[in-house]
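Data block below; observations after.
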Amino acid sequence: MENERTPKQVKRGFVPTDAREFGTSENLEKLRKSAEEVYFLVNRGYVMKNAVTFVGNHYLLSERQRTAVARSVSSEENIKIRKNKELSDSDVAGKVLYIDGFNTVITLEIAYSDSMLFRCMDGTIRDIAGLRGTYRLIDKTDMAVNAISETLARLNIEKAVFYLDAPVSNSGRLKQKILEIMQSKSFETEVYIENSVDSILESKSCVVTADALILDKCGSWYNLTDTVIRNYMGNYKYIDIMGDLR
């Protein structure tokens, strides 16, 4: 039986079919057309889910391709709302950041796995890993948490408050990992395991997340994932399905 305390070596977010569905020029062109048409529809009042279903059926998109389009596209109104609330590096100095823990850590684990990430229309970095409540620490977890820790220290924040979803497996182990890595930093760190992380973050300002619903409701937000990837990975090879829409 595998030792639960030994981080498993995993290429987080990798699915073998991705090379074909997102890597060929034919499929990328199909995804870009799909994104353009979904963008057209949501700007005219269509619900995102319905727009993606309609366009996805027309182009015979797979479930992962549909998820990628849905997470990459935002309406013009929502993009404006999110951009107006986005904070700069200097804005967060001396502040308390409220961090969507799994959302942030998992995306960076995927980045360190060199798996698929998408730079979306609203400027966020999103994935389509779809762990659905099942999470395990892997060999990339330390790398992701260390990169977050070093970045927060450079930003000169006062405190980092992480929220982890209680229903997600191994939330307690990730809490311990975060506290262990950040204990000697210049900023204070708190980690809470909660049942309603989204509703908590929606009521905050200085939020770190890529969750669209939270971004629309929170007071302000900081794009920490983008900062970490730029600082630690340079020109990351995002899957570009947005083309000229971005």
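Between Asp226 and Asn156, the contour length at 0.36 nm per residue exceeds the Cα-Cα span by 23.5 nm.
Alpha-carbon geometry of segment 18-73: the Rg and the Dmax are 10.5, 33 Å, given in that order. Given Lys30/Lys83; Lys85/Lys204; Lys85/Lys185; Lys33/Lys85; Lys140/Lys177; Lys49/Lys80, which pairs have Cα atoms separated by over 23 Å? Exceeds cut-off: Lys30/Lys83; Lys85/Lys185; Lys33/Lys85. Net length available on complete extension from Asp91 to Glu76 is 2.9 nm, with 0.36 nm assigned per residue and the Cα-Cα distance removed.
Ranking Ser115, Leu97, Ala70 by how far each Cα lies toward the positive end of the dipole of segment 70-139 (charges on Cβ) leaves Ala70 at the top.
Here the dipole of the chain is about 220 debye; that uses its Cα centre as origin and unit charges on the Cβ of Lys and Arg (positive) and Asp and Glu (negative).
About its Cα centre, the dipole of segment 98-161 is roughly 120 debye, where the only charges are +1 on Lys and Arg Cβ and -1 on Asp and Glu Cβ.
With N the number of residues in segment 4-159, Rg(Cα) / (2.2 N^0.38 Å) evaluates to 1.18.
Annotation for Glu26 and Asn50: the two label points, set 7 Å from Cα along the Cα-Cβ direction, are 3.3 nm apart.
Here the sum of -39500 (n - 2.57) over DSSP H runs of 4 or more residues, divided by the residues of the chain, equals -14500 deg cm²/dmol at 222 nm, to the nearest 500. Backbone phi angles across segment 104-121, fed through the Karplus curve with coefficients 6.51, -1.76 and 1.60 (θ = phi - 60°), yield HN-Hα couplings of 7, 5, 4, 4, 6, 4, 5, 4, 5, 7, 6, 9, 6, 10, 10, 8, 8, 4 Hz in residue order; Gly and Pro are listed as x. Please give the net charge around Val105, taking every other residue with its beta carbon less than 13 angstrom from that of Val105, where Lys and Arg add +1 and Asp and Glu add -1. Charge balance in the 13 Å sphere: +1. Taking every C-alpha pair closer than 8 Å and separated by at least 6 residues, the mean separation divided by the residue count of the chain gives a relative contact order of 25 percent.
A short reminder: the numbers here are calculations on the coordinates, not readings from a lab. None of the values given here were measured: they were computed from a predicted structure. Quick reminder, even Gly has a Cβ in these numbers, built from the backbone with ideal geometry, and neighbours come from all protein chains shown.
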